[in-house]
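One structure below.
What follows draws every value from the coordinates through simple rules; no lab data is involved. Fair warning: this is a prediction, and the values are worked out from it, not measured in the lab. Virtual Cβ from ideal backbone geometry, glycine too; neighbours counted across all protein chains shown.
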Amino acid sequence: MCFKTLPVEFDDSGNARLRGGIPDPYSVTTARPEVNMTEAERTAQIEQLVKRNGHIKDLNMDPVTRIAGAMALHVTADLQDGRYLQAHSQAPLFRGYEVILMGRDPRDATYISSRACGVCGGVHAHCSAYATEMALGLEPPPMGTVARNLAETAEMGYDNPLHLYLLAGPDYSEPVVKATNPELWPKAQSWRCPGEKHHGFKTMAEIMTALTPLTGELYREGLQFTRLSREMFVLLQGKYPHPQAIVPGGVTSTITLQTLNEYHARLGSIFDYAQRMMAVWDDIPEFFYEADERFKEVGARPVNMIDTGYWDHYEAYDATYENCNEWGERRWSTPGAIIDGELVTTRLTDLNIGFEEFVEHSYYDEWDGGRYGTDPLDNPLSPYHPWNKRTLPKPEPKSWKDKYTWAATPRWDRQVVEAGAYARLFITAKAQKLPESDFIEATGHSLKLRIPKGRTPETEVEWHVPDVWNAFERNRGRAYHYVFSQLVGLANLLDAYKLMERGEKKVARLTASELDTHVQRAEGRGVGFWGAGRGWLTHHTVIEQGKIVNYQICTPSTINASPRDPWDQPGPYEEAVMNTPILEKMSDPSQFTSVDMLRTIRSFDPCMPCTTHASTGRGTVVREVNTCSCGADG
Amino acid sequence: MASRTNGDDGKLDRSLAEQFLDVLGPVDRWHDHEHIGDFGSPARVDMEQLLEPVAKAGPVSRLGPLEKVHAFWFAGMSCDGCSVAVTGAEKPSLEDLLMGAHPGLPRIVLHHPVLDLEGGPNFLRAHERAIKGELDAPYVIILEGSITDENKAMETGGFWASNGEEPWGKDGVERAVTANEWVARLAPGAAASIAIGTCATWGGIPSAQGNPTGAMSLMDFLGKDYRSTFGVPVVNVPGCPPIGDNFNETVAAILYFLQGFGPLPEFDELGRPAWLFGETVHRHCVRGAYYEEGAYAEEFGDPECLVEIGCWGPVVNCNITSRGAINHVGGCMNVGGACIGCTMPGFPDKFTPFHKTPPGSRVSTTASRLLGSVIKPLRMYSNEHLNREVRWDIHGDVPSGWASEKSEPGALRGAGHKLYDKLRRTTDTGRQDNETWGKRTEWTQARDPELEPQLPRGGELPEEREVSSQEPG
């Protein structure tokens, strides 16, 4: 029984149905989650504080840099108590990809929806192909599925270091630490790194120097490794971002032995680097926790996560919704939902029917009712489900009480859940449903990763489900996800060699001319359950008389950047910022950099281009109302 | 409510950018930086200050008048893919451009929201200085993503794409500043305005049929008469994404020219770097030869020419087949991806539906099938001959353990090859019979039947093998 809030129950054979006796089961007042503090209470509390302190300072931070795309964050900070009292997350850009897709030929969806995001630039094309092929009933041949996995593990190989070293890393670099927490620098200089054997840095200060933008060794090396992984991606998909060899029912890549060998040659050098990366991001949290326990609260929020799973097993995947729970659970990364640290489901149908999107605080008009009462398996479906949702953009003035963002508000079981690459580690570790592999083992509480030797000896590392959940653990999780994804890549490369040896070289179900005939009479619903560098990714499509009549994209950063929901529950960014203590040192308020908030936000790896419903933004509005009583303005 | 009336002078030829500024009016308020302090700037210095000690060039490496150039990067309706492409470039790399790490290259002070250390109003400080005309060096503006019709969004009181806030609202209230507004205000004073990627160069996918935002290109917005302070119209580096190296190389080429040692780069009639976009992508395609032989992929994944499974390469200006996507690796058709014209002004609506044979290709593929039916067998015939050592021809024996006998397959074909060899050598001066005075003949091995017994193993050949059908006379 995975649903606590939605009135959905299961019969003996596991089919979902609505609980009886509820007149309007999906009314937003019926299923009301518990909310600790209402907006009214929070506003009253802030007003009280403002009155007491007597001084308000307005600051607008726009853009928040070093995230992908545009995002705005409105915060109210109490510098005296070192707390963020209020936070609103805003996505300031819309492009309308869903709107453009409606009314088009389903063959256009793959390459048009790809342009939703150029940061995780291959995931949308893949996800779209999955959604479309489900609607069209096109099961890819084994090599097609394996080739997709190879491209998509390579993509993670680019994505994770890009975030850790170009976007998040500078916040832990020498110039930043010296400026915001100068008391940590002498400690860093004498703190011996436990991971020295793997990364080669003697002290934490050496790591911090190496994280410095452009001049730092780790920064430059990270950028170089993103290029290597992009080379692996383009071996199969032609270019990056925006692949050019995906089609519903498979891929169009010409896969030769040279393709696989070139991929292999590059993958080899990644394993040496992966060991170094994990050791760096293991040492950083240890250092900060030891320096001040309160760093554990930076970016903290409950362990509520969802993930669609990622990388299908070629023997299991058949592109049907009917069998999605079976093939879903055989993925290289297990789908699932975790609520309060407990794994509540690993079934894709549960993830799908529990998923809703609201636009209460977003620049869209509400739509009336839904087209579908159930999914194709007769499980009940909310009118707020993507198959029922319509994208009706309406630019409006910003109002924190009313509408303030281009992002919508996705919720699962009406709970605030978080998406991330690390969600794959949590769910895969707990579920223990991983395909058999020499390289990865799920223990129920950890993931054991056996890294083959490169120039460095082979090693076994273990990612443990952390005791605390915060900004540092997100980054650590991302570093482990890097090696996890590359090991999945290796397992799939071996499968590709095996398929080639067997002569199973076919990469797509239909030829171009067969596809041309096939789409003319296409009819059906499809959903792509896929993943991005930040976790969860779905595309929902409805095709009638050969034409797309609805298309809905839900990205991980939409989930994380979401505004308040109809029950006043803040979105993950908002909640995490409000849980973050202000730990930087300042002698007067003009020195307030808000670095703790920035570490929190960047730990989610915000990727805003596709957040606003395949609308994107760049630049960040941070409106900071500074309730300040630390003296300098007096 | 915004309206699209023209300016005071009543002229009808004002650009959309000028009309947009007419609506918004001039600006004269700025962020109070004393008040803002270090907010959003966790190192308390900005990227320029951080890099200056290492990036500033001495007199030896400067080679020209410019020590540095500011570059303001704006995102209209963008996916960030162009930024990502630029981080992948290596010739020259982004790091090297920012560090001024090539002789003669002025350091580029890049104001880019994805890369900069500082954020918020501290990030926008240089933008404000540029509008006020107080920057200490020339600047260029770079736009990624399409321009939108913000007039339309203003009708309901909102915006499509904002890039930060400035105190430009009524009574100094902070308000969202759209990408359009930054571009409109900064383009007239820019040394160059560069559009990167197909959204900014030609409108791209956000401007596709059925779009709700009125998306358009930078040229559409700035108009035909736009010139930078150096007299240059909008420079366009298209591609979705563009090849990172196409962009970085174009920037470097412009800078080398400005420094006085590079030639003036040539741009085509649409402002594209002519040396990169002058050819169709088919002309350098690794599968091009399949086309001339009339061999076409039927299934996805086949190695032949992709035209019949939806490739538009023969009519698309692009260089990805020769340059590759990154570090000379990849390239759409090189790996099996059919060209959908993503560098072209007609993208996407003139290329959809994707994965379908372009109707025009029927004519040329039929013609090349006819020609190919002649050429292809002839080439295989010669190829077969060239796959044999001369020695094997003489001995009629291929000592390979990999295959069955690969000796000459018949008298007729042998005669043909002999004739072919004769034709090939008709003007070969090596055949003239004057003496080769400097040559020591006793150590010379000739591929000649009479001399063959002198070669290793030559004398031991079985009698019947020595007499082979193609033995030259």
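Expressed to the nearest 5 percent, the antiparallel share of DSSP beta bridges inside the stretch B:16-276 is 25 percent. Here's how it looks for residue A:535: its modeled amide H is under 5 Å from those of A:421, which are all 5 or more places away or on a different chain. Taking a span of 27 Å or more along the helix axis (Cα atoms) and a mean Kyte-Doolittle hydropathy of at least -1.0 as the rule, the DSSP H helices of chain A that qualify are A:142-161, A:217-237, A:257-291, A:471-501.
For the stretch A:437-450, putting each phi into the Karplus relation 6.51 cos²θ - 1.76 cosθ + 1.60 with θ = phi - 60° gives couplings of 7, 6, 9, 10, 9, 9, 10, x, 9, 7, 10, 8, 10, 9 Hz, in residue order, rounded to whole numbers and with x for Gly and Pro. Near the amide H of residue A:301, within less than 5 Å, lie the amide hydrogens of A:469, all on another chain or at least 5 residues away, with H placed in the peptide plane.
Partner shielding of A:110-118 amounts to 6, given as the average count of beta-carbon atoms from other chains within 10 Å of each residue beta-carbon. Residues whose amide H falls under 5 Å from that of residue A:74, counting only those 5 or more places apart or on a different chain, are A:88, A:89, A:90, A:623, with hydrogens built in the peptide plane.
Counting only DSSP H runs of at least 4 residues, each contributing -39500 (n - 2.57), and dividing by the residue count of the protein assembly as shown, the helix-based mean residue ellipticity at 222 nm comes to -10000 deg cm²/dmol.
Note on A:213-221: average number of Cβ atoms from other chains within 10 Å of each residue's Cβ is 3.
Take each residue of peptide A:588-595, count the partner chain Cβ atoms within 10 Å of its Cβ, and average: the result is 6.
Ordered by the count of other Cβ atoms within 10 Å of each Cβ, fewest first, A:283, A:24, A:12 give A:12, A:24, A:283.
Here the protein assembly as shown carries DSSP beta bridges of which approximately 70% are antiparallel, counting only pairs with both residues inside.
In terms of other Cβ atoms within 10 Å, A:601, A:427 run from fewest to most in the order A:427, A:601. Within the straight-line cut-off of under 15 Å between alpha carbons, none of the aspartates and glutamates are reachable from residue B:439, sequence neighbours fewer than 8 places apart in one chain being disregarded. Going through the DSSP H helices of chain B, which span 27 Å or more along their own axis at the Cα atoms while scoring at least -1.0 as a mean Kyte-Doolittle hydropathy? Helices meeting the span and hydropathy rule in chain B are B:361-386.
Taking neighbour Cβ counts within 10 Å as the exposure measure, how do B:381, B:226, A:219 sort from fewest upward?
B:381, B:226, A:219
Within the straight-line cut-off of under 19 Å between alpha carbons, the lysines reachable from residue A:202 are A:178, A:187, sequence neighbours fewer than 8 places apart in one chain being disregarded.
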